[in-house]
Amino acid sequence: MDEIFTFGLLMVILIIYVVFSFNRAKIIGKKGELNVNFNLHFLSNEYHLFDDVYIYLNDKSIQIDHIVVSKYGVFVIETKNIKGWILGGDNSEYWTKNVYGKKYKFYNPVKQNYSHVKALQILLKISRDKFIPIVAFLPQATLKCTTSEIVITSNKLLKTIRNYKDIILTDNDVDRIVMELSSLSGVDRKMRKQHVDDIKRNVEIKKEKINACICPKCNGVLIERRGPYGKFLGCSNYPKCNFTQRN
């Protein structure tokens, strides 16, 4: 009887561990979003804040962490709860975080946020120059990235937004944009699940293409090349396509 009880207890512990491990990345990500959300609430009432916005466009779901609408522009904010040294550039497919010598890759957040801006351009019917994309890491990150875009730590976020003082949107523009975005608030679980499923499907398609030596960006041929850091796969359509994949 004791053996059955012990076995049952071990199974419960194992299930709890698996569930926790599966949700850990989601919990960490939400922690970063909540940290930025807290800071953004210190903006005055001339700024309109939208959190965790979902857009369904061209059969794809897009999730945007934060949007701040004001007469000074539409701030589109991508949050990253990543510590350590952050290295990357505007054209890199992936960036790298270096924590005590251990390196991990993550998708280029500048490109990720650019796709968010493009989607909002179509949805809101306003020009690119009315948007200010921002990538915000938590204060524990040390930014070693080379980029022409705004990539900052979240403790500098309010100052960065407030530094924009030129009026580029009319009151009517702001009201219309706020109304459009308000209709997207309170998205249901079905769309959230669809968003996660879309990400998983896109990752699988990308892996399959790379394994078949097909560029996932332009469908060109991936060719093995050698650089200062060793061998890597590069697109045959370079420089028009700058996709690379390291082993």
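Summary table
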| quantity | calculated |
| --- | --- |
| Point-charge dipole on Cβ atoms (K/R +1, D/E -1) for the range 100-146, about Cα centre, debye to 20 | 180 debye |
| Residue order, fewest to most surrounding Cβ atoms within 10 angstrom, among 153, 79 | 153, 79 |
| Peptides ranked, highest mean first, by Cβ atoms within 10 Å: ranges 157-168, 88-99 | 88-99, 157-168 |
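Values quoted throughout were computed directly from the atomic coordinates according to the rules given, and no laboratory measurement underlies them. Bear in mind the structure is a predicted one, so any value in this text is a computation, not a measurement. Here the Cβ is made from the backbone with ideal geometry for all residues, glycine too, and neighbour counts use every protein chain on show.
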